[in-house]
Amino acid sequence: MYSGPGVKTSPDFPIPDTMKAWVLGNPGELKLAQKPVPVPKRAEVLVRIDAVAICATDLEIIDHGPPASILGGMPFNKNFTPGHEYMGTVVALGPGVDEYRIGQRITVEIHAGCGQCKRCREGMYTACHNYGLNYGDVDKGHRANGFTTDGGFCEYQVNHINTLVAIPDAMSDEEATLVVTAGTAMYGLTELGGLVAGESVVVTGPGPIGLLGVAVAKALGASPVILTGTRDNRLKIGRELGADHVVNVRNEDAVEAVRRLNGGKGVDYVVECSGAPNAVNDAIRMVNRGGKVCLAAFPHQETPVDVAHIVRNNIYLYGIRGEGKTATHRAEAFMSQKRFDATKIHTHTFPLDDLPTAIRYAKDRVDDAIKVVVKAKGVAAHRVAAE
Ligand SMILES: [Zn+2]
Ligand SMILES: [Zn+2]
């Protein structure tokens with residue numbers, strides 16, 4: 001029977017000893033396996049995963065490895081379960097946990113920092129200096145589920161309470177999986193960037209982070225908000241999420257268009273989500289003097305950058321990893337107040353058993369897929385039975 005030292009469970013949410021979990025074999029190869037259901041320790045809970053969204057970073061990890069790091073190296077053939085954008089129901093409490101209750105619906109942030117390094121002490125726990133030191137005899141307290149520890153393409157996972165975000169009943173499972181994506185955009189714009197209402201923003205690249213970047217920027221009072229990209233259907237969704245202007249870069253020069261749309265001066269912020277080869281050089285020409293460029297995409301090759309332009313124009317350039325400083329909680333506040341409708345980027349749902357199909361839809365953008373969500377079978381029935 002499922003149990004652990006000091007762990008609280010409830011007969012309303014029976015927990016099996018083993019669960020279905022997708023495991024990464026060779027690059028690109030996922031196998032469905034059985035794993036023991038993990039047991040929460042101090043300050044941790046067990047989450048029954050009700051829905052998990054597929055992220056472009058999952059596709060990177062499954063096919064190429066980084067940014068996942070398991071046992072200090074590549075994640076292949078290490079019994080590793082990827083997946084990080086999940087939500088669910090708290091079903092067991094670790095010793096001493098009273099911040100959450102069994103049966104509560106939550107969504108998760110990815111990174112639990114060690115809590116003791118310089119960056120964690122500053123709230124920048126996604127840049128934890130003990131990143132990945134959480135295996136074998138080494139346990140520095142860091143976890144990044146789906147990156148350095150087992151993730152969400154399974155039925156249950158353990159989460160530190162600092163990574164939980166409570167969600168209202170009115171928020172669907174699918175919408176709740178998108179909170180962390182909005183949280184990433186929030187972190188880049190406010191906590192790292194310092195955006196205040198009335199400043200101007202360009203988002204380059206209408207992927208999930210870019211589209212929710214538009215929504216968050218608009219909800220924060222940015223003006224104007226301009227979205228650039230190559231696909232008209234995605235630019236249209238960007239408009240629905242709050243973009244004042246959209247620019248299809250196949251039809252016009254993106255830098256010239258941005259300058260024209262913002263009175264010839266360029267904007268205060270660019271959030272670069274495209275990873276395109278010339279994206280950084282374009283971004284530094286879209287911002288005004290003293291403007292800021294947030295880099296949120298992983299380009300595949302090194303690219304030359306016009307450093308002299310950055311120096312002469314006092315431009316700030318910063319990378320963003322994940323969603324620190326509890327930005328995810330602020331993103332959830334926007335979403336539960338219906339300041340924007342994140343579900344516009346959710347396009348498909350598949351059962352957990354069909355994960356390879358779901359991944360194919362996400363990777364090949366089958367049927368214009370944007371955010372593809374996977375749900376464990378029987379979840380709806382469980383919830384009815386428990387209530
Ligand atoms: Zn992600
Ligand atoms: Zn740390």
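Taking all protein chains in place and a 1.4 Å probe, what share, in percent, of the accessible surface of segment 1-157 do carbon and sulfur account for?
Numbers: 3280 of 6430 Å².
Ligands and nucleic acids excluded, carbon and sulfur reach 51 percent.
Within the P(r) computed for segment 80-145, what percentage of the Cα pairs occupies the region above 20 Å? Walk me through the numbers before you get to the answer.
On the way: 906 of 2145 pairs.
Pairs farther apart than 20 Å: 42 percent.
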Please work out the C-alpha center-to-center distance from segment 66-97 to segment 252-284 and express it in whole Å.
37 Å
Where does helix 355-364 land angle-wise versus the long Cα axis of the chain, in degrees 0 to 90, nearest 10?
0 degrees
I'd like to know which of Met87, Ala43, Gly65 lies farthest towards the positive end of the charge dipole of segment 35-104, counting +1 on Cβ of Lys and Arg and -1 on Cβ of Asp and Glu.
Ala43
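With the radius of gyration and the Kirkwood radius both derived from the Cα set of the chain, what is their ratio Rg to Rh?
On the way: Rg = 20.8 Å, Rh = 21.3 Å.
My calculation puts Rg/Rh at 0.97.
Given the rule -39500 (n - 2.57) for each run of at least 4 DSSP H residues, summed and divided by the residues of the chain, what is its mean residue ellipticity at 222 nm, to the nearest 500 deg cm²/dmol? Intermediate results must be reported in sequence, preceding the final value.
Numbers: 12 runs with 96 residues, N = 387.
Rounded to the nearest 500, the figure is -6500 deg cm²/dmol.
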Residue pairs, from the table Lys325/Lys371; Lys78/Lys375; Lys118/Lys375; Lys292/Lys325, whose Cα atoms sit over 28 Å apart
Lys118/Lys375
Hey, with R₀ at 35 Å, roughly what FRET efficiency would Thr303 and Asn79 work out to, going by the Cβ-Cβ distance, to 0.05?
0.45
In what sequence, highest mean first, do 167-173, 89-95 appear when ranked by Cβ atoms within 10 angstrom?
89-95, 167-173
Considering only protein heavy atoms, what per residue accessible area in square angstrom results for the chain with a 1.4 angstrom probe?
42 Å²
How much of the accessible area of segment 163-228, in percent, comes from carbon and sulfur atoms when a 1.4 Å probe is used?
58 percent
Hey, what's the Kirkwood Rh for segment 259-343 if you take every pair of different alpha carbons, in angstrom?
14.6 Å
Between 0 and 90 degrees, rounded to the nearest ten: what's the tilt of helix 208-219 against the longest Cα principal axis of the chain?
70 degrees
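Evaluate the charge dipole of the chain about its Cα centre and quote only its size in Debye, nearest 20, assuming +1 on the Cβ of each Lys and Arg and -1 on the Cβ of each Asp and Glu. Don't skip to the answer; put the middle values down first.
On the way: 41 positive and 43 negative charges, 120 e Å.
Once rounded to the nearest 20, the dipole reads 580 debye.
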Dipole of segment 124-224, positive direction: furthest Cα of Gly213, Gly198, Tyr135, with charges on the beta-carbon
Gly198
Efficiency of FRET from Cβ geometry, Asp364 and Val311, R₀ 51 Å, rounded to 0.05:
0.75
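Give me the compactness ratio for segment 1-83, meaning the Cα radius of gyration over 2.2 N^0.38 Å. List each step's numbers first, then the result.
Working: Rg = 14.9 Å, N = 83, 2.2 N^0.38 = 11.8 Å.
Cα Rg divided by the expected 2.2 N^0.38 Å: 1.26.
Given +1 on the Cβ of Lys and Arg, -1 on the Cβ of Asp and Glu, and no further charges, what dipole in debye does segment 60-191 carry about its Cα centre, rounded to the nearest 20? Please report the intermediate quantities before stating the final value.
On the way: 8 positive and 16 negative charges, 103 e Å.
Approximately 500 debye in magnitude.
The values are calculated or read from the model by the stated rules, or taken from the named source; none is laboratory data. Nothing here was measured: the structure is a model prediction, and the numbers come from that model. Ideal geometry is used to build each Cβ from the backbone, glycine not excepted, and the neighbour counts take in all protein chains shown. The protein model used for the area step is the full one, side chains on, heavy atoms only, and it has no ligands, DNA or RNA in it. Shrake-Rupley method; radii C 1.70, N 1.55, O 1.52, S 1.80 Å.
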